[in-house]
Structures are given as structure tokens and as C-alpha cells.
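Written out below as C-alpha cells is the structure these notes cover.
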Amino acid sequence: MQPSPYTPGDLAREVPGRAIQLAEFEERLSYLVDLKRLVGRIRVDNGPRGYGKTSLLRQYQTRAEARGAITVWVTAGEEVGLIAQLADAISRVTASWRSDTRSRLRQSLQVLTLSVGIPGVARIDAAIHPPVTSTPSGAREFEDVVRMVAAADEASALVILIDEIQAADASGLRTLAYAWQHLQAEGIDVPAAVFAAGLPNSPDVIASAVTFSERIAYRPLHPLSTEAGEIAILEPSLRLGVQWNRKALASALEVAAGYPYTLQLIADGAWLAAERPDPGATITEDHVRIGRAEMQADLEALFRGRWANATAQEQQLMSAMAHIGDGPVRRADIARRMGVTAESLGVPRARLIDKGFIQAATRGSLEFTIPGFAVFLRDLES
Ligand SMILES: Nc1ncnc2c1ncn2[C@@H]1O[C@H](COP(=O)(O)OP(=O)(O)OP(=O)(O)O)[C@@H](O)[C@H]1O
Ligand SMILES: [Mg+2]
């Protein structure tokens, strides 16, 4: 008996299918660490829930640390704003630094925290008095902190990682983007970079907060290719001396449909159905079939959670989509089925995209982000 090497619901240990992202990251890392230059564009990898965004960002982090960079990780969307989160995270990761560097940095961090205000209070104030100046609060102070950390002897570079960036507060995004723009414009060699990940609505969220978007590089994550899926299923298994026969592999790949979370679920389900095989065993299509039935319960729990998390209007929209078909559906068809105008779909549509349940497909059509959701909804109502 060997425990499952798969990771449904946990971070992936490896990220097959993301070679392009990793290669681009390595290139920028070399720019940072070898040339000591600022990476002027903020990179945002975006994709639906369960596409492997956090796993990818963690890979970036591991690689950056292996090259001696100091990394700062935040998951946006907590009570405090993005900049306060970053200040806090920087303070934590630099806690063991030499006392002279540390005390100068602590001062700058205090100035920064004061300039972005006490969370909550600052935001109410900002809503009443929208900032009229072009420099968002804290931008200069944040820039100072970035410079100081990037130049410290303790680290080869500073790499800032922001997960769930679509949940960040608008003023935090403005401050971050402005500071980065300014660092870039000054042409000072500051070895620092920002890598972020978020849902597919991240570009919209950022664009509505920040006026100049040319400093941000958006990179959509795609479903896993067949080859990447094969690697994701086979490699962990072969390492434990367990084979998959051809049919079993093909059928698991079909179930996963390129969706990383489902891939981990089905591979894990088959592994359990094969009774946690010993080295020398082979996983067969029967194991995949049994695993599929088992995994259905997990998927349904996820689907049920999404359904319960939607308002009545959002549910109506998703239900209409499910009844039209499994692939992308046109907005006009959804509106017709619901007996409303296409314009009135705007709000529930935007909310569902924000929640990561549906996404825009080609030519203004919409699709579910997880394969199998449409079938689930049809079953729910039959
Ligand atoms: N490249 C990959 N190949 C195979 N499986 C992967 C890959 N990347 C991630 N996974 C798996 O997919 C699932 C989702 O991964 P992860 O949590 O990184 O996604 P996410 O996009 O951050 O999701 P969420 O939007 O819910 O935060 C996990 O079970 C993880 O092990
Ligand atoms: Mg994530």
C-alpha cells in the first residue's frame, strides 16, 4: 500500500503544462538577480478557480528563493488593504535581518503604514473625499520600502507575489501600480518584481482602479494540454513504480477535460480504487471507472457550494445556461430562455464572473469554468 501521490485540493508539487510561464519567470528572475534590474511590468497570471494559479505562484516563489531573492507573499482581499498587507509581510520576512538595516526598514514601514491609513477608517474617508492628487497615498513611501529591501545585502532581489489580486482594494492597486510606474520611469536599477495571480476578471478589476494599464502584463492560464495531463497523471505514479494502462490514462484524461482540479480528483480516485497499489501494479480502466463514481461526490460538493453561494437571479442565469448546453452559450440565447433583455443580464453575469463560476468565451458567449457543472445543474432540477 502506498499513499496517493495526487493532490486534489492541495497545491500541485509540480506544474506540468506551465512550461511557458516558468520559462518566462526564469528569464525575468535572471534579469533581476544577474543584471540587478527592475522588472518594470507587473505580471498577472489569470484563470478560473482550480486552474492552478496558486500552485504556479508558489513555483515562482520557490525558484526566486533558490536564487537568493527575498519573497513576500500576500493573498489579497483581507480586511486590511493590499499595501498594509504587503507592509506587514515585508516586516515579517525581514525580521531576522541585521539590526541596522532592520531598524531603518522598520521606520520606513511605519511611515508607509501611516500613509495608507488605518484600515476601514481610511477607506471610508477615501470614499467621501476621492483623491484629487495624481499620487495615490503611500506610493512614494511604498517605493522607498521596495528600494530599501531590494538593495539590502541580505537578499539578491525582492520578489513580491500577490495571489487573488482581483480581491485587492482599488486604492491599494493604485498605489502599487503608481509606485511601479515611478520606479520604472526613474530608470533606477532596483532588483524588484511583482508577480500576481487572480481570477479571469483581474484585468477588469485592475483596469477600473488604475488608469495606465500598459505597465501590467496579463497572461491567461489555459486548460492543461493532453500531454501535460499525461505527465501530471503518470509521473507521480511511475515514481512509485505504478503504471497506468493506455485505456485507463485515456479515460482519466477525458474525465479531467484539461481542468487541473478534476485531473487530481480522478487520478486520486483511481489510485484509491486500485487500493493504493504497491510498486509493480497497474491502474486499469476499471479503477478509473470506480474512481470516477467516488470523485463525483467531491465534485458535487463543490458544485453544491457554488450553487448555494449564488443569488436567485444568478441561479436563474446559470440554470438557463445549463439547459442550453455544455459548451459556450450565447448571451442572447440565455436572455431569450429567461424571458429578459440581454442588457438585464449584466449584473448577475458580472457577479458570477467575479465569483469565478462562469467566464466569457468567444464572441460574447459565456461558459462554466468547471467541466460538469452544466450536467450537475440539469440533474439538480430534473
Ligand atoms: N499544472 C498542474 N497540473 C496538474 N494539476 C495541477 C496543476 N496545477 C494545479 N494543479 C492541481 O489543481 C488544483 C487547483 O490548484 P490551485 O489551488 O493551485 O488552483 P487555483 O487556480 O489557485 O485555484 P483557486 O482559484 O481555487 O484558488 C489542485 O488540486 C492542484 O494540485
Ligand atoms: Mg488559488
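The values are calculated or read from the model by the stated rules, or taken from the named source; none is laboratory data. Predicted, not measured: the structure shown is a model, and the values here were computed from it. Ideal geometry is used to build each Cβ from the backbone, glycine not excepted, and the neighbour counts take in all protein chains shown. What goes into the accessible areas is simple: the full protein's heavy atoms, side chains included, and nothing from ligands, DNA or RNA. Shrake-Rupley method; radii C 1.70, N 1.55, O 1.52, S 1.80 Å.
Here are the numbers:
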read-out: Answer from Ile233, Ile266 - the residue that is surrounded by 21 or more Cβ atoms within 10 Å (Cβ to Cβ), within 14 Å of Pro371 (Cα to Cα), within 16 Å of ligand 1 (Cβ to nearest atom) and not aromatic (Phe, Trp, Tyr); value: Ile266
read-out: Condition met for Ile70 (at pLDDT 95 or above, touching an Asp or Glu at 6+ places or on another chain (Cβ under 8 Å) and either farther than 22 Å from Ala193 by Cα or in the same structural domain as Gln166 (by TED's automatic domain parsing) (or both)); value: yes
read-out: Residue pairs meeting the criteria (Cβ under 7 Å; at least 6 apart or on separate chains; first within 15 Å of Ala207 (Cα to Cα), in the stretch 161-186; second within 16 Å of ligand 2 (Cβ to nearest atom) and open to solvent by 40 Å² or more (accessible area, probe 1.4 Å)); value: Ala167/Gly77; Ala168/Gly77
read-out: Selected residue [free of Cβ contacts under 8 Å to residues at least 40 places away in the same chain and part of a helix (DSSP H, G or I)] from Ala64, Ala89, Ala95; value: Ala89
read-out: Helices (runs of 4 or more DSSP H) wholly inside the stretch 289-360 that include at least 2 residues being more than 28 Å from Val205 (Cα to Cα); value: 312-324, 331-338
read-out: Which numbered condition Asn46 fails, given (1) open to solvent by 20 Å² or more (accessible area, probe 1.4 Å); (2) touching a Pro at 6+ places or on another chain (Cβ under 7 Å); value: (1)
read-out: Pick from the stretch 163-204, criterion among the β-branched types (Val, Ile, Thr) and away from ligand 2 (no atom under 16 Å from the Cβ), ranking: nearest to Gln85 (Cα to Cα); value: Thr175
read-out: Members of the stretch 85-120 that are of a type in the set (A, V, I, L, M) and open to solvent by 60 Å² or more (accessible area, probe 1.4 Å); value: Ala95, Val111, Leu114, Ile118
read-out: Looking only at the stretch 24-61, and only at residues there that are outside any helix (DSSP H, G or I) and among the β-branched types (Val, Ile, Thr), the one that is farthest from ligand 2 (Cβ to nearest atom); value: Val39
read-out: Count - residues of the stretch 266-304 that are at pLDDT 95 or above and within 23 Å of the chain's Cα centre (by Cα); value: 3
read-out: Qualifying residues in the stretch 356-382 (those that are out of contact with any helix residue (DSSP H, G or I) (no Cβ under 7 Å at 6 or more places or on another chain) and free of Cβ contacts under 8 Å to residues at least 60 places away in the same chain) - the one surrounded by the fewest Cβ atoms within 10 Å (Cβ to Cβ); value: Ser382
read-out: Any hit, the stretch 3-11, residues being surrounded by fewer than 17 Cβ atoms within 10 Å (Cβ to Cβ), away from ligand 1 (no atom under 12 Å from the Cβ) and not assigned by TED's automatic domain parsing to the domain that holds Ala209; value: yes
read-out: Residues located in the stretch 202-230, provided they are crowded, with 16+ Cβ neighbours inside 10 Å and within 12 Å of ligand 1 (Cβ to nearest atom); value: Ser202, Leu221, Pro223, Leu224, Ala228, Gly229, Glu230
read-out: Restricting the stretch 55-84 to residues that are open to solvent by 40 Å² or more (accessible area, probe 1.4 Å) and in contact with a strand residue (DSSP E or B) (Cβ under 7 Å, 6 or more places away or on another chain), the residue that is farthest from Pro200 (Cα to Cα); value: Glu65
read-out: Checklist (1) assigned by TED's automatic domain parsing to the domain that holds Ala361; (2) touching a helix residue (DSSP H, G or I) at 6+ places or on another chain (Cβ under 8 Å) applied to Arg336, failing item; value: (2)
read-out: Meets criteria (away from ligand 2 (no atom under 16 Å from the Cβ), closer than 19 Å to Arg13 by Cα and among the aromatic types (Phe, Trp, Tyr)) for Trp244; value: no
